[in-house]
Structure formats: structure tokens, C-alpha cells
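Below is one structure, written out as C-alpha cells; the observations come after it.
The values are calculated or read from the model by the stated rules, or taken from the named source; none is laboratory data. Nothing here was measured: the structure is a model prediction, and the numbers come from that model. So basically every Cβ, Gly included, is an ideal-geometry build from the backbone, and we count neighbours across all protein chains shown. In case anyone asks, the SASA skips ligands and DNA or RNA and just uses the protein heavy atoms, side chains included. Shrake-Rupley method; radii C 1.70, N 1.55, O 1.52, S 1.80 Å.
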Amino acid sequence: MLQNSFGVHLSYASVDRGDGSDPRPAAIGILERLRVPAGLREATGEWGGQQEAVLAIPVTDDGRVLTLSADDRVEQTLTATELRAAFREQHLTLWLDADGDLAMVSDDDVDRDDDAQAVDESTLPTEAAPDAALEAGMFDVPAVRVSTFSHRGPAVARILATALGVPVDHHESGDWSLQQLETSDPTGYWVTSRGDLPLVELNRAGSASWFIVSIDGAGGTVPFWTDAERDTRAVLDIDAITVPETAEIYRRLLTEGDGSKDELWQVAARVALDVDAAHRALMPESMGGVVGERERQRAFIAAFGVPSDLIDAAFEDSGAPVGRRFVPVGWWTAARETAIAGMGEVISLTRRRRPLARLVEGVRRRPAWGLALTLGELGAGIWAMSRTRGAAKGLGVLLVIDALVDTAIWVTRIRRSRRG
């Protein structure tokens, strides 16, 4: 891995100017002069009301910043403290936190920080009491549109609708399903078995979006942001670097230095995933990444092998229900409907083709056969209760109870099939 080979990692540092104006041109000028192979996030967007810019700066484990020499060789002579001082000379503040850097802070730096903080509190304006309506609005949680791709069956959609109190749409294609809902509460990662995995969850809230990938049933998740590096640009011209090895280091710093590819390989060790395709959706567009917000999201989902029709359905903007819609019901009703629906809605879609699942589903589609089998189970239970003692009699009681429950279920299925 890059950061292990060179003992370096990308440190994301914000930079701002006291008057709130755009600090990016001056920051780029400083980094170019010092020849720091850094990157600038949101490089081309309008400054507008932004308060800071974000730089991706390569820093070693002992707090030194990577630079390039006159002959394009990698050097480690610049300290983070010196870099911050260069920004201060241009009336910029660089918020760079580097490991091991505390030991390199000079006494002059400490004195300047102390002087900056030695302000008479009596000269500061009194903070006005917040407006009650504004204060209440600060804690409003925006609704998030959640689209989850997995192998989960309809029973999970019914559980989510009941638990969260919101409608849940369930759509299937092959052995993949799409479940969509809108909520401001955590969705939870309900799975019936490992066969449901992976769960690839796309969250969209206004202009923000992010993925949460779950690869085990114990709640272990990995977040990914497809737009985090989208408009990241190299500060130095990579193509103008004369040493190929240095150019490759710089390129890999901006494409792999955030550790996202390592996380993708960890996911790929547990579930099927095209790591290179997924990583292109996370890379900067200027470095060969997928271009466009929606295209990046689609590419990331497709890397898990999700069918294209499900991906299309997830981005359908008409607002019409996709597939089956489950509405909130009480827990008793949810349990009853799940029992009536049968095992086919509970098990993972990847396991529907197994012999037992196919046999159960075949019987469910023929309610008369199922009722006949249940009556046979009831007769066997009654016989065991009347003819034997001990454990066998207890088994007979269980058979009778199960048969009575199944009889009620089969009668309901027959009635619904006639109405349908």
C-alpha cells in the first residue's frame, strides 16, 4: 500500500482567510512555490458563502510534509509547522493536524497563539438570545431517501415499514431486491441470514449523498462518499513531472491516499465486488474517475453486480411506488401477514431456488394441498396424544397446535385466492 511503503498519509487540512474571501488561489500559490504534491477539494466551484477550503496534503508519520526537489525527487524536509508559517505570511490560517508535529512547534508559534487568544472579553459583543423558532429549527433532522440494494425478501420491507412508521417499496430483479423509504430515523440493518448480504444503502438528503455498505449480520458497516473527491485537483502539473516514479506517487496519493481502495478490498474479501469499478466512482474526476454525480452513484452500485433495472428504479423521480408498497401496520398484523405470505417472503432471494424452498413455495401456491397436509398433521397429533405418554404425547400436543395455526393460515390463503 502507498501509505505503508512511504510512511505517509493524506491529511485533510482546511484553510481560511480572516475576511471570509476565497483563499484558494493564494493557497495554491504557496503550495506551488514550496512544490508540495497536494490536492485541492472543490477546486472549481464558486466560493459563495463558503468559509473554508480543504487541501489534501501528504504528511509523514513524524509530521513532515512531502515536497518535490528541483529535479522532481520526493523530499521530506518541510515540516508542518513551517508550512503553517508560510500560510500565515499570506494572512491565511492552515488547520493542519500532523502526527508528531507538536514537538516541532517553536516558542514563537506558541507566543503568537497566546497573543491571539489574549483578548479582553469585555470588548466582545454580547451574544443575543437565540430565537425560539430558530433554536427549534436547529435540531430538525432532514428526511433522508434511502435506497437499499440486497438479497432481502419482502418480509424485511414489512418489518421496516412497521418499525419506522413509513411506507416501504420493495422491488425484485433476479436474486436482488431494492427497498426504498424516506425517514429521518436510523433504518437498521435487518437481515434474515447471511444470504441477504451485501446491503448497499444509498442515502440522499438534499444535495448530500453517501453510501453505507454492510457485509455482515452483526451491524458492521463501511461508509463511502462518491462525491467527496469529485472535484479534487492536483496542485502541481503531474504530466510535467520528469521522474515517472514521482508522478506515479503523486497520482496514487490523490487516488488512493484516502484509504478508500483498501476499504473496498476488505469488502471484496466478504462479498462479490468489482473493486476497480467501485474505486473509479470514488476517485477525482480529473484523475480518471467517473464524471457526474448520478453516474458515480450508479457505477458504485453496479460494481456489486446489481441489475441495471433496479438501479434505474432507484433513480426514478416520478414518486410513483416501485414494485410492492408496504405500509405501517401493528406488530401483530405484521406477524400474521408474514405467516400468511409464507417462507418465500422471509428467506433470502438467493435461497429461493433451493429444493426445500421450492417445495414449500409450490405447496403454498396450491392451498388445497397445503390444507390437506395440515389436516393430516392434525390427525397425527391427535393420534399421538391419545395413544402414547411422555415425550411422544408432548410432541402430539405440538403437532396439534401447529396444525391449528396452519389451518387458519391455509383457510385465509384460500379465501384470498378466491377473491383475487
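Restricting the range 275-304 to residues that are open to solvent by less than 30 Å² (accessible area, probe 1.4 Å) and not in a helix (DSSP H, G or I), the residue that is nearest to LEU178 (Cα to Cα) is PHE304. Residues in the range 206-232 that are within 30 Å of GLU75 (Cβ to Cβ) and surrounded by fewer than 19 Cβ atoms within 10 Å (Cβ to Cβ) were compared, and the one that is modelled with the lowest pLDDT is ALA228.
Identify the residue in the range 52-75 that is in contact (Cβ under 8 Å) with a residue 60 or more places away in the chain and more than 20 Å from ALA27 (Cα to Cα) and, among all such residues, is most open to solvent (accessible area, probe 1.4 Å). Only one residue fits best here, namely ARG73.
Residues that are in contact with a strand residue (DSSP E or B) (Cβ under 7 Å, 6 or more places away or on another chain) and either hydrophobic (A, V, I, L, M, F, W, C) or over 18 Å from LEU202 (Cα atoms) (or both) within the range 285-322 comprise SER286, PHE300, ILE301, PHE304, VAL306, LEU310, ALA313, ALA314, VAL322, listed in sequence order. Restricting attention to the range 14-51, and to residues there that are of a type outside the set (Asp, Glu) and on the phi > 0 side of the Ramachandran plot, which single residue is surrounded by the most Cβ atoms within 10 Å (Cβ to Cβ)? Residue satisfying both the conditions and the ranking: ARG35. Within the range 243-262, being closer than 15 Å to GLU75 by Cβ and hydroxyl-bearing (Ser, Thr, Tyr) holds for THR246, TYR250.
One line per residue, one yes/no per condition, for (1) in contact (Cβ under 8 Å) with a residue 60 or more places away in the chain; (2) of a type in the set (Gly, Ala, Ser); (3) touching a Pro at 6+ places or on another chain (Cβ under 9 Å):
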site: ILE215; (1), (2), (3): no, no, yes
site: PRO223; (1), (2), (3): no, no, no
site: ILE238; (1), (2), (3): no, no, yes
site: THR242; (1), (2), (3): yes, no, no
site: LEU253; (1), (2), (3): yes, no, yes
site: TRP265; (1), (2), (3): no, no, no
site: VAL271; (1), (2), (3): yes, no, yes
site: VAL275; (1), (2), (3): no, no, no
site: HIS279; (1), (2), (3): no, no, no
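Every residue, every condition in (1) in contact with a Phe, Trp or Tyr (Cβ under 9 Å, 6 or more places away or on another chain); (2) over 14 Å from ALA234 (Cβ atoms); (3) part of a loop (DSSP other than H, G, I, E, B); (4) not hydroxyl-bearing (Ser, Thr, Tyr), yes or no:
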residue	(1), (2), (3), (4)
ALA26	yes, yes, no, yes
GLY29	no, yes, no, yes
GLU32	no, no, no, yes
THR44	no, no, yes, no
GLY48	no, yes, yes, yes
VAL59	no, yes, no, yes
ASP62	no, yes, yes, yes
VAL65	no, yes, no, yes
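Mind checking whether some residue in the range 305-327 is part of a strand (DSSP E or B) and open to solvent by 30 Å² or more (accessible area, probe 1.4 Å)?
yes
Residues in the range 233-270 that are farther than 22 Å from ASP61 by Cβ, open to solvent by 40 Å² or more (accessible area, probe 1.4 Å) and assigned to a loop (DSSP other than H, G, I, E, B): ASP237, THR242, ALA269, ARG270.
Under the condition of being open to solvent by 50 Å² or more (accessible area, probe 1.4 Å), among the acidic types (Asp, Glu), in contact with a helix residue (DSSP H, G or I) (Cβ under 9 Å, 6 or more places away or on another chain) and part of a strand (DSSP E or B), the residues counted in the range 160-204 number 1.
Checking the stated criteria, ARG145 turns out to be modelled with pLDDT of 90 or more, open to solvent by 50 Å² or more (accessible area, probe 1.4 Å) and basic (Lys, Arg).
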